[in-house]
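All of the numbers you see were taken from the coordinates with simple rules; none came from a lab. Fair warning: this is a prediction, and the values are worked out from it, not measured in the lab. Positions of Cβ are backbone-derived with ideal geometry, glycine not excepted, and every protein chain shown enters the neighbour counts.
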Amino acid sequence: MIRVDGLGKSFGRRTLWSGLEITVDGGQVAVITGLSGSGKTTLLNCLSLLDRPTEGSITYGRTEVTALSRSAGRRYRRDNIGYLFQDLALIEDATVAENLRLARTTRRDHAIRQQEALDRVDLGGTEKEKVFRLSGGEQQRVALAQLLIKSPPILLLDEPTSALDNVNSGLVVDIMSELATAGTAVIVATHNEQIRECADIECELVLQKN
Ligand SMILES: Nc1ncnc2c1ncn2[C@@H]1O[C@H](COP(=O)(O)OP(=O)(O)OP(=O)(O)O)[C@@H](O)[C@H]1O
């Protein structure tokens, strides 16, 4: 379970959001909505400790992750978080297989292996391809294969279908649902109706005029 208590984020005098209360159990899907600039990406960055909130706390299980040191925070992120960034964050000059190796954690019980993950996203046979040679949709599927290999306890997705056709969007929704069924707590910033239909929890961030 990941819990957000009284969470707030300000930059100088500008408050992005404050007083957020969200609890997401393993197996649940939480959908974050809000206008452009309302702070959806910043919230996901705070949940992964890439960024830090300016007030309130984030707790995972019994650990207050917002109280962790930088190095403990990195371990928390490596061991517990799968993050599908809006810009994917793949290493474009590396091969598909090299990118997938990066998804491995120190845990030995990886849910599925590279081959299985690639077959699942219909990219079998592309292991040696450089990522920059793949289409946008194929790159997105490499990022999804990384998530399948990591099978993280917490999955963060930032507008995962915004640049995709219906087939690839459907795959994102299927994989997200599979991971949730396997016990992952899913938190997704999106306006995609298909994903909103899967939501157990909805949280709308309101654009502040300050
Ligand atoms: N480090 C920072 N310093 C100052 N302002 C920042 C910083 N990080 C983000 N912001 C601002 O916070 C606001 C929210 O950005 P964010 O990307 O979280 O919004 P979003 O809801 O994800 O937007 P979009 O839907 O367009 O992706 C933006 O106006 C951005 O410029």
Acute angle (nearest 10 degrees) that the helix 166-181 long axis makes with the longest principal axis of the chain, alpha-carbon atoms: 70 degrees
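Add +1 for every Lys or Arg and -1 for every Asp or Glu among the other residues with Cβ under 15 Å from the Cβ of ARG14, and state the total. Show your work: numbers first, answer last.
On the way: positive: LYS9, ARG13, LYS209; negative: ASP51, GLU55.
That works out to +1.
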GLN86 paired with THR15, simple spin-label distance in nm, labels 7 Å along Cα-to-beta-carbon: 2.4 nm
Descending semi-axes in Å of the chain, equivalent ellipsoid built from Cα gyration tensor: 28, 19, 16
Spatially proximal aspartates and glutamates relative to LYS128 (Cα-Cα < 15 Å; intrachain offsets below 8 disregarded): GLU92, ASP93, GLU98, ASP119, GLU138
Length-normalised contact order of the chain in % [C-alpha pairs under 8 Å, at least 6 apart]: 33 percent
Long-range amide H partners of LEU84 with built H, under 5 Å: LEU156, LEU157, ASP158
Long-range HN-HN contacts of ALA185 with modeled amide H, under 5 Å: GLY27, ILE154, LEU155
Other-chain or far-sequence residues with amide H under 5 Å of LEU205's (modelled H): THR33, GLY34
For segment 167-192 versus segment 64-78, the gap between their alpha-carbon centres in whole angstrom: 25 Å
Qualifying lysines (Cα of each under 18 Å from Cα of LYS40; at least 8 residues distant if same chain): LYS9, LYS209
Per-residue [θ]222 nm for the chain (sum of -39500 (n - 2.57) over DSSP H runs n ≥ 4, rounded to 500): -9500 deg cm²/dmol
